[in-house]
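These notes concern the structure reproduced below.
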Amino acid sequence: MLRVDIEKQLGDFSLHASFSSEGRVIGLFGASGAGKTSLVNMIAGLLRPDRGTIVIDGETVDDTAAGIHVPTYRRRIGYVFQDARLFPHLSVAQNLDYGRRMNGLAFDPAQHKRIIDLLDIGALQDRRPGKLSGGERQRVALGRALLSKPRLLLLDEPLGALDEGRKLEILPYLVRLRDEANVPMVYVSHDVAELRQLATQIVMLKQGRVTSLGGVKVLA
């Protein structure tokens, strides 16, 4: 469950968003500059709201009135960016293991195999990121995030840097994540077709305000 009720002033831009969801995939939809990434960065703890609360899975991670701001590393959130952000000097296997080690988690062979199989990245493990296609890099980034055992996965335009062919390659993996990984997601996109395929609930942002909230029919 995710509950957000925040305000944030960013230069001349003001963000005021309020919504709650228990959906598997919250699609955060809006044009460029609507405030989507700023909102996701607040959920991640990378930005602090000027006013308001954020509650993840029953835990209050931000409450400005009570002086609560849980740091990013303690929020148990996986964050996948548009450009994958893999470590170029590490192999795929080492990149995949990074989140688990940074969070001090014990190695879980069953979970590791399940995620490797789910994303079909077993054959890539000895390669370096520079030898991967864009779609392969994003699948590895998804695997790294999932292996840190997050309670929420944030995906900020994860297909935005890919051409149409690569998008079609990776979309089925995202659908499988939704249906099989059992981790709720916030999926940021300005692509209606992507969100129709993936999202179970839509939060529509326009100029820093939530203008619609509901099922994918609000995209019509």
TODO: For the range 74-91, state whether one or more residues are modelled with pLDDT of 95 or more, touching an Asp or Glu at 6+ places or on another chain (Cβ under 7 Å) and either aliphatic (A, V, I, L, M) or more than 16 Å from LEU155 (Cβ to Cβ) (or both).
DONE: yes
Task: Cβ-Cβ under 8 Å pairs, at least 6 apart or on other chains, the range 163-177 side within 14 Å of GLU136 (Cβ to Cβ), far side among the acidic types (Asp, Glu) and not in a helix (DSSP H, G or I) - done: TYR173/ASP120
- [ ] Filter the range 49-65 down to the residues that are under 28 Å from ASN182 (Cα atoms) and among the charged types (D, E, K, R), then identify the one that is surrounded by the most Cβ atoms within 10 Å (Cβ to Cβ).
- [x] ASP62
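Identify all residues within the range 4-61 that are among the acidic types (Asp, Glu), under 30 Å from TYR173 (Cα atoms) and part of a strand (DSSP E or B); write none if there are none. Can you show your working first?
We begin by selecting, within the range 4-61, every residue among the acidic types (Asp, Glu); these are 5, 7, 12, 22, 50, 57, 59.
Subset that is under 30 Å from TYR173 (Cα atoms): 22, 57, 59.
Within the range 4-61, just GLU59 meets the criteria.
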Task: Looking only at the range 142-198, and only at residues there that are of a type in the set (Lys, Arg), closer than 29 Å to VAL61 by Cα and part of a helix (DSSP H, G or I), the one that is farthest from the chain's Cα centre (by Cα) - done: ARG176
Open item on the list: I'm told TYR98 meets every condition in (1) in a loop (DSSP other than H, G, I, E, B); (2) under 19 Å from LEU46 (Cβ atoms); (3) at pLDDT 90 or above except one. Can you identify the failing condition by its number?
Closed with: (1)
Open item on the list: Going through ARG114, ARG127 one at a time, which residue ends up being at pLDDT 95 or above, within 25 Å of LEU171 (Cα to Cα) and either surrounded by fewer than 16 Cβ atoms within 10 Å (Cβ to Cβ) or among the charged types (D, E, K, R) (or both)?
Closed with: ARG127
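The values are calculated or read from the model by the stated rules, or taken from the named source; none is laboratory data. Being a predicted model, the structure only gives us computed values, none of them experimental. Neighbour counts are summed over all protein chains in view; Cβ atoms, including those assigned to glycine, are modelled from backbone coordinates with ideal geometry.
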